[in-house]
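Contents: one structure, followed by commentary.
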Amino acid sequence: MIRKLTFFIVLFITTTSTITAQKQVTLEEIWSGAFRTQGMDELNAMKNTNQYTVLNFNRATRSMKIDLYDYATLNKVATLIDSKDFTALRGIDSYIFNKKENQVLIANNSNQIFRHSFTADYFLYDLASKKLTKIADYEIQEPTFSPDGTKIAYAYQNNLFIYDIAAKKHSQITTDGKKNEIINGIADWVYEEEFSFNKADKLIAYVRAFDWNKTSDKLAFIRFDESQVPEFSMDLYNQGLYPTQQVFKYPKAGEKNSDVSLHIFNLKSNNTKQVDLSKYNDFYLPRLDWTNEANVLSVQVLNRHQNNLDLLFVDGNTADYKVVLNEKDKAYIDLTVSLTFLNDNSFIWTSEKDGFNHIYHYDKNGKLRTQVTSGNWEVSEYYGFDDKTKKVFYQSVENGSTNRDVYSIGINGKGKRKLTSRKGWNEAIFSPNFKYFINSFSSATSAPVYTLNESKKGTEVKKIVSNEALEQRLAEYSLPQKEFFELTTEKGHSLNAWIIKPTNFDAAKKYPLFMYQYSGPGSQEVMNKWNNYNDYWFKMLAQKGYVVACVDGRGTGFKGAEFKKCTYKELGNKEVEDQIDAAKALANYDYIDGSRIGIFGWSYGGYMASNCIFRGADVFKTAIAVAPVTNWRFYDSVYTERYMQTPQENANGYDDWAPLTHVDKLKGSFLLIHGTGDDNVHVQNTMKMIEALVQANKQFDWAIYPDKNHGIYGGKTRLQLYTKMTNFIQNNL
């Protein structure tokens with residue numbers, strides 16, 4: 001519900017659709033992609049040459065091809081493969097290079113499992129011989145080249161295998177894999193969702209539950225025993241004459257998690273050793289990485305409360321380990337995504353231990369060398385380390401928590417330099433040699449611009465992509481803009497906020513107020529960046545005469561650990577208080593009609609919107625809750641217990657602030673929405689809410705979307721959904 005440096009980022013440049021010149025934004029335009037920007041997504045940077053690849057669509061042949069480009073000039077160098085040249089290859093869904101970058105694994109016919117995991121047909125393509133070979137006659141998961149490029153490890157039916165490329169031979173490493181019982185090397189549902197396994201992020205490595213060592217002779221993996229984890233089932237209604245049922249293991253808060261164990265397979269001796277972690281009880285293994293020393297494995301062990309983390313270095317031969325780093329927190333630890341091992345096996349790590357997220361450099365024994373960054377601000381992304389210049393590259397909120405800038409700094413903590421100049425939202429993708437970076441910039445008033453910059457001073461080399469044409473078309477709509485400010489509540493809390501006023505705003509008039517928020521721990525919605533789909537909807541509502549506002553209350557991110565973690569063990573208390581107080585503060589504005597205030601949110605935001613219309617019944621007239629949690633007892637163990645501990649330990653924290661507890665307070669109009677195929681926030685939450693509202697004899701509106709997941713999309717679903725919400729607002733606010 002909530003979200004090592006490699007650069008698996010594929011470049012995809014979208015095209016904007018033509019929109020007719022009219023002053024009123026329509027939902028049809030928003031959801032047809034009429035305001036879509038040109039952008040650069042998914043760029044795969046090579047590591048041996050200063051080049052990158054792009055997965056492009058060949059319109060002439062309606063095939064997919066991998067094109068190679070030069071980073072310095074941005075010119076195309078070659079087409080590495082075109083799917084039209086191979087009858088067996090019906091397309092290219094994704095691809096991975098080996099370390100030498102002379103072979104590539106290509107995924108085709110991908111079939112989704114959960115949100116990030118999938119099986120696919122995989123083909124091995126040799127760039128020199130131009131020969132294409134199918135790896136297996138069955139769909140596999142997570143194939144990964146060994147560093148020497150001679151083998152590929154993969155998972156099939158919950159077991160691990162190794163494919164010898166030269167011999168074309170498959171060897172089975174584990175044999176006990178079984179659906180809904182034992183998983184080897186592939187994450188269970190909750191690890192995938194909450195620890196980002198099987199997820200490729202443009203700024204962090206692909207997080208897997210198995211990993212090759214540097215010399216390709218050992219494979220470490222996590223084994224999940226989920227046999228005792230309770231099962232959850234979902235009926236699917238659009239599959240045929242009779243509904244079908246999907247059954248999977250889902251540990252709700254306080255329930256049994258998978259028992260995890262750590263194993264090292266030695267290819268030379270053909271045996272597997274288990275690392276003895278018996279000193280730990282009821283724990284997680286959220287990260288697994290071999291270090292730059294071929295026989296040293298790093299693993300992070302996190303207790304169930306998630307407030308104590310050990311970084312272990314494991315001997316690959318004996319399976320013995322030592323604790324090289326320990327972190328504790330009075331609330332919870334947010335996992336680092338920056339762990340980077342340098343040539344001497346010292347490592348870079350990020351931590352909130354001084355109250356703000358910063359970068360630290362430790363030696364290989366876990367002794368602190370340098371706190372690289374410091375100050376009352378957050379490092380928001382870690383980009384990497386250049387061994388030649390000894391510089392660390394990162395993104396931070398030093399220019400205000402609603403903005404982002406890119407910086408470089410020496411690993412000794414000296415020589416910091418700001419590499420971006422425009423105020424707004426800057427993100428960087430660095431070339432393999434860190435000589436250049438592609439900077440994407442946008443703000444609330446400037447559409448995305450992508451430029452090539454040199455990384456010494458940040459000087460712009462050339463513009464790559466811009467969206468002037470879209471800005472010109474949008475000018476015809478006279479859209480109102482976000483105004484950013486700090487809202488101070490009666491209790492003295494200073495909160496980031498934005499407001500959108502109606503077109504042709506008249507300060508002498510009274511306008512209804514529609515509030516939007518998400519409010520989850522560490523989240524952020526008040527950001528100085530370009531419009532998303534919701535922003536266009538909000539501006540459409542402003543054109544219809546509504547003031548729209550968003551406030552990031554306590555518990556949200558990028559203002560320090562104290563601000564973020566003050567909601568610990570009582571989710572829904574301070575956050576709801578802040579939204580109610582923010583609504584009261586806004587109601588004091590001369591142009592706001594305090595009797596007509598509504599609130600909207602999705603997921604955690606739906607939880608909040610429900611709570612606000614119940615507990616703030618005298619403040620909010622209307623609320624829309626999409627896919628809400630209605631009691632944290634129904635949500636997964638990892639996410640929920642991080643912030644709440646278990647229901648057995650904190651029953652009052654779960655129940656006192658749950659929307660289900662307060663349904664009898666409903667006075668205004670309430671719209672409740674959910675998809676029945678939501679494997680994340682189960683429709684059970686909404687069904688429980690419906691029954692509670694019925695038994696409280698409360699009138700409300702609701703919409704159920706068959707087989708739709710947490711995103712509730714597909715076909716015209718979003719158009720229908722947003723039409724329903726728009727009509728509800730116009731009829732009730």
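Remarks
- Only one entry in ALA497, ALA561 is modelled with pLDDT of 95 or more, in contact with a Gly (Cβ under 7 Å, 6 or more places away or on another chain) and either farther than 30 Å from GLU194 by Cα or open to solvent by less than 50 Å² (accessible area, probe 1.4 Å) (or both), namely ALA561.
- The residue of region 572-598 that is nearest to ASN631 (Cα to Cα), among those that are acidic (Asp, Glu) and open to solvent by less than 10 Å² (accessible area, probe 1.4 Å), is GLU575.
- The single condition among (1) outside any helix (DSSP H, G or I); (2) within 30 Å of PRO286 (Cα to Cα); (3) among the β-branched types (Val, Ile, Thr) that ILE624 does not meet is (2).
- Hits in region 57-68 (condition: open to solvent by 40 Å² or more (accessible area, probe 1.4 Å) and assigned to a strand (DSSP E or B)): PHE57, MET64
- Residue in region 127-139 that is in contact with an Asp or Glu (Cβ under 7 Å, 6 or more places away or on another chain) and buried (at least 19 other Cβ atoms within 10 Å of the Cβ) present: no
- Residue, farthest from THR451 (Cα to Cα), within region 38-56, restricted to residues that are part of a strand (DSSP E or B), polar (S, T, N, Q) and modelled with pLDDT of 85 or more: ASN56
- Inside region 25-50, residues that are under 27 Å from the mean Cα position of the chain (by Cα) and open to solvent by 30 Å² or more (accessible area, probe 1.4 Å) make up a count of 8.
- Candidates LEU368, LEU288, LEU335: the one that is hydrophobic (A, V, I, L, M, F, W, C), under 26 Å from the mean Cα position of the chain (by Cα) and farther than 20 Å from LYS559 by Cα is LEU288.
- Residues in region 487-520 that are part of a loop (DSSP other than H, G, I, E, B), small (Gly, Ala, Ser) and within 24 Å of VAL576 (Cα to Cα): GLY492, SER519, GLY520.
- Residues of region 339-359 classified as touching a Phe, Trp or Tyr at 6+ places or on another chain (Cβ under 7 Å) and assigned to a strand (DSSP E or B), total: 8
- Counted residues, region 152-170 - those being assigned to a strand (DSSP E or B) and open to solvent by less than 50 Å² (accessible area, probe 1.4 Å): 10
- Region 218-269, residues that are crowded, with 18+ Cβ neighbours inside 10 Å, more than 30 Å from THR676 (Cβ to Cβ) and out of contact with any helix residue (DSSP H, G or I) (no Cβ under 9 Å at 6 or more places or on another chain): LYS218, LEU219, ALA220, PHE221, ARG223, LEU262, HIS263, ILE264, PHE265, LEU267
- Residue within region 342-364 that is closer than 24 Å to LEU325 by Cα, open to solvent by 30 Å² or more (accessible area, probe 1.4 Å) and of a type in the set (A, V, I, L, M, F, W, C) present: yes
- Only one of the numbered conditions (1) open to solvent by 40 Å² or more (accessible area, probe 1.4 Å); (2) among the hydroxyl-bearing types (Ser, Thr, Tyr); (3) outside any strand (DSSP E or B) is not met by THR79, and that is (3).
- Near pairs, Cβ below 6 angstrom, 6+ apart or cross-chain, from region 580-608 (over 20 Å from LEU660 (Cα atoms)) to any residue that is among the polar types (S, T, N, Q) and at pLDDT 95 or above: ASP581/THR489; ALA585/THR489
- A single member of ALA651, ALA617 is among the hydrophobic types (A, V, I, L, M, F, W, C), surrounded by fewer than 20 Cβ atoms within 10 Å (Cβ to Cβ) and under 26 Å from LEU721 (Cα atoms), and it is ALA617.
- Only listed residue being modelled with pLDDT of 95 or more, of a type in the set (Gly, Ala, Ser) and over 21 Å from ASN44 (Cβ atoms), chosen from SER455, SER478, SER442: SER442
Yes/no matrix, rows are residues, columns are (1) in contact with a Leu (Cβ under 9 Å, 6 or more places away or on another chain); (2) open to solvent by 60 Å² or more (accessible area, probe 1.4 Å); (3) at pLDDT below 95:
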| site | (1), (2), (3) |
| --- | --- |
| GLU381 | yes, no, no |
| PHE385 | yes, no, no |
| THR389 | no, yes, no |
| VAL392 | no, no, no |
| VAL406 | yes, no, no |
| LYS414 | no, yes, no |
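- Take the conditions (1) part of a loop (DSSP other than H, G, I, E, B); (2) small (Gly, Ala, Ser); (3) open to solvent by less than 10 Å² (accessible area, probe 1.4 Å); SER523 misses just one of them, which is (3).
The values are calculated or read from the model by the stated rules, or taken from the named source; none is laboratory data. Predicted, not measured: the structure shown is a model, and the values here were computed from it. As a convention, Cβ positions derive from the backbone with ideal geometry for all residues, glycine included, and neighbour counts pool all protein chains shown. The accessibility values were calculated without ligands, DNA or RNA, using every heavy atom of the protein model including side chains. Shrake-Rupley method; radii C 1.70, N 1.55, O 1.52, S 1.80 Å.
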